[in-house]
Amino acid sequence: MHSSGSETEHSQSNFRLMRAEDVDRVFAIDKDIYPFPWTEGIFSDCIKTGHLCVVNEADSHIIAYGVVGMIVDEAHILNLSVRGDCQGQGYGRQMLLYLLELVKRASATRALLEVRESNKVARKLYASLSFEEIGTRKGYYPADGGREDAIVLAKTLP
């Protein structure tokens with residue numbers, strides 16, 4: 001799924017809030033990269049309920065997106081994804097750093113997230129940005145033939 005000549009590879013990207021009209025494109029990416037994607041309704045509800053929903057766009061194409069729920073001073077990163085043909089180019093790191101900056105400005109003192117135990121690439125990214133393992137949620141994710149555990153990670157924000 002990775003291509004070595006993506007049209008967005010050398011384009012200037014920009015972050016902005018996700019809009020209702022983005023949901024179909026975001027859902028198409030989620031459906032393409034995950035065997036158990038979120039529904040369009042989940043993305044729409046996240047926008048409607050005031051979650052922090054951000055896209056990174058280049059040349060009118062969404063290349064990454066993130067969804068964060070805030071509870072008092074804690075940010076829960078609910079979804080952070082990169083379009084399949086743009087993975088491995090640093091867009092996940094850029095999105096995560098952008099989200100962390102936004103939640104710090106919103107007075108968050110800690111960020112939490114869950115990651116599939118099998119998702120070694122994401123786990124390496126989170127570790128490189130000082131997220132620490134604080135627990136496990138047994139059977140958290142749907143998986144082929146059953147359920148997969150989630151590793152719960154947290155990062156204290158300065």
**Report entry** Euclidean distance between Cα centres, the stretch 71-93 to the stretch 53-68, Å
**Finding:** 10
Report summary line: Here, Arg137 and Ala28, labelled 7 Å along Cα→Cβ, have an inter-label distance in nm of 2.9
Query raised in the report: Which length gain, in nm to one decimal place, applies between Ile42 and Glu21 when the Cα-Cα distance is subtracted from 0.36 nm times their residue separation?
Result: 6.2 nm
Query raised in the report: Taking the Cβ of Arg147 as the center, what net charge do the other residues with Cβ under 15 Å away carry, scoring Lys and Arg +1 and Asp and Glu -1?
Result: -2
Report summary line: If one builds a Gaussian network model of the chain from Cα atoms under 10 Å apart, the most fluctuating residue listed among Thr136, Thr39, Thr49 is Thr49
Query - Per-peptide average of other Cβ atoms within 10 Å, ordering 76-83, 92-99 highest first - result: 76-83, 92-99
Query - Length-normalised contact order of the chain in % [C-alpha pairs under 8 Å, at least 6 apart] - result: 19
Report summary line: All alpha-carbon distances of the stretch 72-134, grouped into 10 Å bins from 0, give the whole-percent distribution 20, 55, 23, 2
**Report entry** Cut-off under 5 Å, modelled amide H: who pairs with His61 long-range
**Finding:** none
Requested in this report: Rounded to the nearest 500, what is the 222 nm mean residue ellipticity of the chain from helices alone, with -39500 (n - 2.57) per DSSP H run of 4+ residues and division by all residues?
Outcome: -8500 deg cm²/dmol
Report task. Could you work out how far apart the two model spin labels at Arg105 and Asp73 are, taking each label as a point 7 Å from the Cα in the direction of the beta carbon, and quote it in nm? Result -> 2.0
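Read-outs throughout are calculated quantities, based only on the coordinates presented, and are distinct from any laboratory measurement. On a predicted model such as this, the values are computed, not experimentally measured, just so you know. We place every Cβ from the backbone using ideal geometry, glycine too, and count neighbours over all the protein chains shown.
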